[in-house]
Amino acid sequence: MKTYPIIDWTGNAYLNPVPAVYDNGLHLRNVDQITSISVHHSAITRLHDYDDLAITNAEAANHYARLGPGIQYTYKISNLGDIFHLRPLTTWLYSVGSAENVTNLSICLDGNFETQQPTREQFEALYQLLEELCERHPEFSATWPNVRPHCDFSSTACCGLNLRNRIYAIQDKASAQAQLLNQ
């Protein structure tokens, strides 16, 4: 399996407004409050070639209009497996539509997984990111059994028919490997 880069976009002020600007800093949390990881899809039909920043900015514009400033995902994964770190772990976001927003860390994959399949690169990058988050971050309690599709938090089809059952099946590292790496 290839190692996918984690590209830091947390310095982008449009995607990640300064916490003092973001709801008067009320969206700050201690990292030890993270108890779950949600998986999302962009629900936008993914083209083969696209501009990652342009697509992410367009999603952020939609989030600004509906949810508040900035993109409402902590990480995003492109169709090529590039992992974009968008918001700090210390910022809670409106990503799951429930009281669990405060304790959730969110990952979005580009594509509409009601009609499309995630790419092999997306599966591998998601596994790599989940392994990093679930096994190398003892400062928060979220681990493999706490990885859930967005629809597990609120009434939505997200993360799409072609991904959600794979996410539901994750209970440990072995099941994550089986669901994300062994297709």
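The values are calculated or read from the model by the stated rules, or taken from the named source; none is laboratory data. These numbers were taken from a predicted model, which means no experiment stands behind them. Glycine also receives a Cβ, built like all others from the backbone with ideal geometry; neighbour counts cover every protein chain displayed. Surface accessibility is based on the protein's heavy atoms, side chains included, excluding ligands, DNA and RNA. Shrake-Rupley method; radii C 1.70, N 1.55, O 1.52, S 1.80 Å.
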query = So, in the stretch 35-61, of the ones that are assigned to a helix (DSSP H, G or I) and not hydrophobic (A, V, I, L, M, F, W, C), which residue ends up farthest from Ser154 (Cα to Cα)?
reply = Asp52
message = I want to confirm something. Restricting to the stretch 100-109 and keeping residues that are farther than 19 Å from Thr45 by Cβ and of a type outside the set (Val, Ile, Thr), which single residue is most open to solvent (accessible area, probe 1.4 Å)?
response = Glu100
key: Qualifying residues in the stretch 78-101 (those that are within 12 Å of Phe153 (Cβ to Cβ) and not in a loop (DSSP other than H, G, I, E, B)) - the one farthest from the chain's Cα centre (by Cα)   = Ala99
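To keep it simple, each residue is scored yes or no on (1) at pLDDT 90 or above; (2) among the polar types (S, T, N, Q).
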position	(1), (2)
Leu28	no, no
Ser38	yes, yes
Ala43	yes, no
Leu53	yes, no
His63	yes, no
message = As an exercise: evaluate Tyr168 against (1) under 23 Å from Thr56 (Cα atoms); (2) over 12 Å from the mean Cα position of the chain (by Cα) and give the number of the one condition it does not meet.
response = (1)
note = Of the candidates Gly81, Gly97, the one satisfying the condition of being open to solvent by 10 Å² or more (accessible area, probe 1.4 Å), on the phi > 0 side of the Ramachandran plot and not hydrophobic (A, V, I, L, M, F, W, C) is Gly97
request  = Restricting attention to the stretch 62-77, report how many residues are part of a loop (DSSP other than H, G, I, E, B) and buried (at least 23 other Cβ atoms within 10 Å of the Cβ).
outcome  = 5
note = Selection from the stretch 133-162 of residues within 13 Å of the chain's Cα centre (by Cα) and assigned to a helix (DSSP H, G or I) yields Leu133, His150
ask   = Just one of Arg46, Arg136, Arg87 is surrounded by fewer than 20 Cβ atoms within 10 Å (Cβ to Cβ) and of a type in the set (Lys, Arg); which is it?
value = Arg136
key: Every pair of residues 6+ apart whose Cβ atoms lie under 9 Å, when the first sits in the stretch 150-165 and is on the phi > 0 side of the Ramachandran plot and in contact (Cβ under 8 Å) with a residue 12 or more places away in the chain while the second is among the polar types (S, T, N, Q) and open to solvent by 50 Å² or more (accessible area, probe 1.4 Å)   = Gly160/Thr115
message = Test of understanding: among Gln117, Gln122, which residue is at pLDDT 95 or above, outside any helix (DSSP H, G or I) and either closer than 20 Å to Asp8 by Cα or open to solvent by 40 Å² or more (accessible area, probe 1.4 Å) (or both)?
response = Gln117
